[in-house]
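S.K.: Before I ask anything, here is the structure I am working with.
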Amino acid sequence: MTDLLRLDHVTKLFPVGGFFSRRSMKAVDDVNFALSADKPEIFAIVGESGSGKSTLAKMMLGNEVPSSGQLSFDGTDVAAIRGRAAREAFMAKVQPVFQNPFEAFNPLTRLDEYLFATAHRFLGASNRGAREAAADAALQRVGLSLAEVRGRYSHELSGGQLQRIAVARALIPNPKLIVADEPVSMVDASLRMSIVNLFRDLRDELKVSIIYITHDLATAYYISDRVIIMQKGKVIESGDARTVLEHPTQPYSIALKGAVLPPDPAAASAIIRGRQVVA
Amino acid sequence: MKILIDLLRYNREFLVGAIFLAVILALVVASFFAPYDEMMTYVVIPDMPPSAEYWLGTNSRGQDLFWQLAASMRNTLMFGVVVALVSRVIAITVGLVSGYLGGRVDQVIMAINDTLNALPNIPILLLLVFVLRDQMSWPILAVTAALLGWQHDSRLIRSVALSLRNREFTRQAVFSGMRTGKILFREHLPYVMPIVFYTTMNNLIWAIGLEVTLSILGFSDINRPTIGGMIYWANAHSAMVAGIWWWIAVPMVFVVILFLGLFMLAMSVNEYIDPRSRLARMGA
Amino acid sequence: MHEVLSKAKKTAVAPKNVLTVEGLKAYYINEHFGVRREVRAVDDISLTVQRNEVYGIAGESSSGKSSLIKTLAGAIRPPMRVIEGSVKFDFGGQSIDVYGEPEQLKPARWRHLSYIMQGSMNVLNPVRRVKHSFHDFAYRHMGLGGAAFWSKVRQHLERLGLDPDVLEAFPHQLSGGMRQRITIALATVCEPEFIIADEPTTALDVLVQQDVLGLIKDVQARMQASIIFVTHDMSVHAAITDRLAIMYAGRLAEEGATQALFDNPQHPYTAHLIGSLPRIGDVRVRKSLPGKPPALSDPPSGCRFHPRCPLAIERCSREVPLMQPSATGGRVACFRAGEVVAA
């Protein structure tokens, strides 16, 4: 049995400091985990800004190379993927969903072009009809249709719709893994749960595994199967999402959970009254 | 269209620049209806001062200065436009590619870029003139000037491209399987167009200045009328000493009009596309 | 105008109201090629904010909440215009009619009315030390000499639990959370009666957010100031506000005491906003609303929420529901207000 995604002692160093005081900072520090190829799951990576979660996402997408350790997908080392054909074969299996739906589409490019380009490149859909069919099928999966999207630009649609289109585009190559970096943090509250629920449907119906990167413990709890909590590049706690988030054991995880404001005025105001000073 | 009307109405620099350029363009258009071949000499009475018959007078070579000026303007502008266009193509390509690829490739391209930028322009052109001698023609000169005139602008374009490279929509395009060329020219080019637009104006002014300088010194095809060429011939015939002042004055006045026109247009367009001035216009 | 006056008579204006807004309408009006486009960002809003109260305004993007606070702060510019209604502040005897006599507002800024914004960098000058920002914003409002001013500032920072040495730092040397704490200190150093807080914790991490919210609440309680607190995050409203208004497409949907609103939402939109929030320890499936928030340039007829509302009846698409007293002591604009069940 091979793993879909496997991280062995993955570390990423970034140079920091000025010209004279070159040091390096560990953005990601010795991270290990694996996703099984047989059982699709939603795997949450939870952390605050500077925890290294976005760097980790870039490495999984092959946009950054680990400084040490190995990150392999389907048994191949992602850092060793060279050349256009190999790179495109990899991209067909691993697709991203970005944070800001208003930023993730060029305001001057029609939205359907992204869908058609994806179908053309990764499905080999050479004629217009095949591209449109692939785009429409993917849009239907996320509750939209090509008729609603055709010819539109990003400023004409809401953040929730754009994020659905982003998911639809990622689905076109029939990927095995979707890496979603804060996919709902810029989406309006009344539309947010539709995106979150969509990820669950994709896992259950299309058998796609999803890396869900977030700072929001509550949605991580709501949809994910497993979770890792990161602090300053290190994984400090990991395991079954419900167990870890209901009963965290590490001081940082406990503090993080303690700072989550529940939608209940009495409890929430008690939390901010009992604030601890954090630098 | 509305922008054009707005600019004409509210921006005095733009209005003056547009009028000046309109005068120059009228001359260029007129040059195609010239009664004499511009290369011919002794077609009219030499050394006539400006009059009703010869609006701008005639020179010692027996040419009507009005028609000489018209042909010179056409040739000089043509030179400037060719230089500007060729150097724009280079600047855009180098800037977008260098900024998009980033990293090691970017460092190498920018090192070459800066080396070329540091080369002195005039000595290189003079060297070329001496080497080529009789084979020297204006297209060769234009291409050479274009090769010397893009480095600064490609650096400006690169700085914008560098910031576009990490934007989410670029990554989305990559994961949509769009090829690099398409990303550069479909997705990124619109963002650098404002820079391209106003550097074109500056480049045009620089190229014309270069042409005038070289021609005055006689380092170009002197039989082909250009603004610099007119001044060269006036000097060669000691026009000032001989009292043929209009021979010198006409090209000088019109080259100043051309420069002012281009400069004012560049300035007003520059101001118009600057986001800070946009905010100010909105009353912020 | 007549309508506004009659409304004003009906509302009992209690003297403890620091802010009174009556029938406020502010539209963006654009004219292009003779085509007039109106965007009704603030459409007939009346509300009051009392002394020593944190008043929350919740809403999604394009709900008009940012336009509303700009209008309240007297900071609107063309193409936005106030069409109708009034905004009146009452700073302990000194009353200011923002759109009646706008020049009154200028000397009151920062002294009586201050702001805490989302991007702290907009307030702190990035190339100068923090103390210069204090000098620029507060010095002329305090009426104190140099030494007395600085000792007051240092004392204020200490009271807020900040090290007065931050005055010597440059903004880029500080963390985002620390910068936001400093903007809070800056906004409160003159002890203003009224503070407008616009998404002050949105960009912050969870742990820092908790602390910054606590800091705002502390200062507010100590100074007995009033705050209008704007955010899209309902959990933040739960934590800090005393009363809460829910905006939808330029109008108020519901207003009430925060606890009552969360316990017993009267408007279906409020019920959805609260019901859809996931909670640790609760695994029930959260539903989302169909459709999307309407464009303010072309809002639906009648109740603007009706196309997405699970309880909508035929009447909702014809008539605009007005704000009426609700069963829980607040106000609600819904024909079926009594029938909402908390999801």
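S.K.: Using a Gaussian network model on chain C with a 10 Å cutoff between Cα atoms, which of C:Ile227, C:Ile216, C:Ile116 fluctuates the most?
M.R.: C:Ile216
S.K.: Calculate the FRET efficiency for B:Ser137 and A:Arg150 from the Cβ-Cβ distance with a Förster distance of 51 Å, rounded to the nearest 0.05.
M.R.: It comes to 0.45.
S.K.: With respect to the cross-link table entries C:Lys16/C:Lys65; A:Lys58/C:Lys217; A:Lys58/A:Lys257; C:Lys88/C:Lys292; A:Lys26/C:Lys217, which display a Cα-Cα separation exceeding 32 Å?
M.R.: Going by Cα-Cα distance, A:Lys58/C:Lys217; C:Lys88/C:Lys292; A:Lys26/C:Lys217 fall outside the 32 Å limit.
S.K.: For an R0 of 25 angstrom, estimate the FRET efficiency from the Cβ-Cβ distance between C:Ala169 and C:Asp136 and round to the nearest 0.05.
M.R.: For C:Ala169 and C:Asp136, the calculated efficiency is 0.95.
S.K.: In addition: Quickly work out the B:Leu189-to-A:Arg84 label distance, labels modelled 7 Å from Cα along the C-beta direction, and quote it in nm with one decimal.
M.R.: Calculated label separation equals 1.8 nm.
S.K.: Other chains near A:101-113: what is the mean number of their Cβ atoms within 10 Å of each residue's Cβ?
M.R.: The per-residue average across the peptide is 4.
S.K.: Rounded to two decimals, what is Rg over Rh for the stretch B:173-252 when you use alpha-carbon atoms and the Kirkwood radius?
M.R.: That ratio equals 1.40.
S.K.: Also, quick follow-up: Could you tell me what percent of the DSSP beta bridges with both partners in the protein assembly as shown are antiparallel, to the nearest 5?
M.R.: Expressed as a percentage, antiparallel bridges in the protein assembly as shown total about 60.
S.K.: Exposed loop sites here are chymotrypsin sites (Phe, Trp or Tyr not before Pro) in DSSP loop states with at most 15 other C-beta atoms within 10 Å. What is the longest stretch of chain A lacking them?
M.R.: The longest uninterrupted stretch comes out as A:21-152.
S.K.: Only counting other Cβ atoms within 10 Å, I'd like C:Ser288, B:Ser238 sorted with the fewest neighbours first.
M.R.: Least crowded to most crowded, the residues run B:Ser238, C:Ser288.
S.K.: For chain B, take the longest principal axis of its alpha carbons; what is the angle in degrees between that and the long axis of helix B:245-273, to the nearest 10 within 0 to 90?
M.R.: Relative to chain B, helix B:245-273 is tipped by roughly 20 degrees.
S.K.: Could you calculate the FRET efficiency of B:Phe259 with A:Leu108 from 1/(1 + (r/R0)^6), where r is the beta carbon distance between them and R0 is 41 Å, rounded to 0.05?
M.R.: Computed FRET efficiency for B:Phe259 and A:Leu108: 0.75.
S.K.: If I build a Gaussian network model for chain A, linking alpha-carbon pairs within less than 10 angstrom, which residue out of A:Arg192, A:Arg87, A:Arg141 has the largest mean-square fluctuation?
M.R.: A:Arg87
S.K.: Among B:Trp247, B:Trp206, rank each residue by its count of other Cβ atoms within 10 Å, from fewest to most, as a rough exposure measure.
M.R.: Fewest to most other Cβ atoms nearby, the residues stand as B:Trp206, B:Trp247.
S.K.: Next up: Taking each residue in C:279-291, count the Cβ atoms of any other chain within 10 Å of its Cβ, then average. What number comes out?
M.R.: Neighbouring Cβ atoms belonging to other protein chains average 6 per residue here.
S.K.: Now, a different point. State the extension gain, in nm to one decimal, for the chain segment bounded by B:Leu126 and B:Thr180, taking 0.36 nm per residue of separation less the distance between their alpha-carbons.
M.R.: Working it through step by step, the gained length comes to 15.5 nm.
S.K.: Pairs to check: A:Lys12/C:Lys287; A:Lys93/B:Lys182; C:Lys70/C:Lys287; A:Lys176/B:Lys182. Give those whose C-alpha atoms are more than 29 Å from each other in this structure.
M.R.: Pairs exceeding 29 Å: A:Lys12/C:Lys287; C:Lys70/C:Lys287.
S.K.: Further question: Rounded, prolate or oblate, given the Cα gyration tensor of the stretch B:1-132, with a/c below 1.5 counting as rounded?
M.R.: Oblate, because a/c is 1.5 or more while a/b does not exceed b/c.
S.K.: Can you classify the protein assembly as shown as rounded, prolate or oblate using the Cα gyration tensor, where a ≥ b ≥ c are the square roots of its eigenvalues, rounded means a/c under 1.5, and otherwise it's prolate if a/b beats b/c and oblate if not?
M.R.: prolate
S.K.: Let me ask something else about it. Going 7 Å from the Cα of B:Val29 toward and past its Cβ, which residues in the stretch B:70-90 have a backbone nitrogen under 19 Å from where you end up?
M.R.: Under cut-off, by backbone N: B:70-78.
S.K.: A further question follows. If I model a spin label at B:Met78 and A:Phe14 as a point 7 Å from the Cα along the Cα→Cβ vector, what separation in nanometres do I get?
M.R.: So the label points at B:Met78 and A:Phe14 sit 5.5 nm apart.
S.K.: Right, something else. Relative contact order, percent, of chain C when contacts are C-alpha pairs under 8 Å separated by at least 6 residues?
M.R.: 19 percent
S.K.: Just from its helices, what would the mean residue ellipticity at 222 nm be for chain B, if runs of 4 or more DSSP H residues each count -39500 (n - 2.57) and the sum is divided by every residue, rounded to the nearest 500 deg cm²/dmol?
M.R.: Calculated from helices alone, the mean residue ellipticity at 222 nm is -24000 deg cm²/dmol.
S.K.: Compute the angle between helix B:227-236 and the longest alpha-carbon principal axis of chain B, please, reported from 0 to 90 degrees and rounded to the nearest 10.
M.R.: 40 degrees
S.K.: Specify the inter-centroid distance of the stretch B:201-257 and the stretch A:18-69, based on alpha-carbon positions, in whole Å.
M.R.: 65 Å
S.K.: Angle check, please: helix A:84-93 long axis (alpha carbons) against the longest principal axis of chain A (alpha carbons), in degrees 0 to 90, nearest 10.
M.R.: So the inclination is approximately 70 degrees.
S.K.: Apply the a/c threshold of 1.5 to the C-alpha gyration tensor of the stretch A:42-188 and tell me whether it is rounded, prolate or oblate.
M.R.: oblate
S.K.: In addition: Within the stretch B:1-64, report the chymotrypsin sites (Phe, Trp or Tyr not before Pro) that DSSP leaves as loop and that have at most 11 other Cβ atoms within 10 Å.
M.R.: Those satisfying the criteria are B:Phe32, B:Phe33, B:Tyr42.
S.K.: With an 8 Å Cα cut-off and a minimum separation of 6 or more residues, compute the relative contact order for chain A in percent.
M.R.: 23 percent
S.K.: Within 10 Å of each Cβ in C:211-218, how many Cβ atoms from other chains are there, averaged over the peptide?
M.R.: Mean inter-chain Cβ contacts per residue within 10 Å come to 5.
S.K.: In whole Hz and in residue order, list the ³J(HN,Hα) couplings for the stretch C:102-117 that follow from phi through the Karplus curve 6.51 cos²θ - 1.76 cosθ + 1.60, θ = phi - 60°; x for Gly and Pro.
M.R.: x, 5, 5, 6, 4, x, 7, 4, 6, 5, 10, 10, 10, 10, 10, 10
S.K.: Quick one: among B:Phe254, B:Phe263, B:Phe175, which has the greatest mean-square fluctuation in a GNM of chain B with alpha-carbon springs under 10 angstrom?
M.R.: Of B:Phe254, B:Phe263, B:Phe175, the most mobile in the Gaussian network model is B:Phe175.
S.K.: Roughly speaking, what is the centre-to-centre gap between the stretch B:92-147 and the stretch C:146-195 when only Cα atoms are used, to the nearest Å?
M.R.: 54 Å
S.K.: Mean 1/r over all different Cα pairs, inverted: what Kirkwood radius does the stretch C:140-248 give, in Å?
M.R.: The Cα-based Kirkwood calculation yields 15.0 Å.
Since every read-out is calculated from the coordinates, none of them should be taken as a lab result. On a predicted model such as this, the values are computed, not experimentally measured, just so you know. Methodologically, a virtual Cβ is constructed for each residue, glycine included, from the backbone with ideal geometry; neighbour enumeration extends over all protein chains shown.
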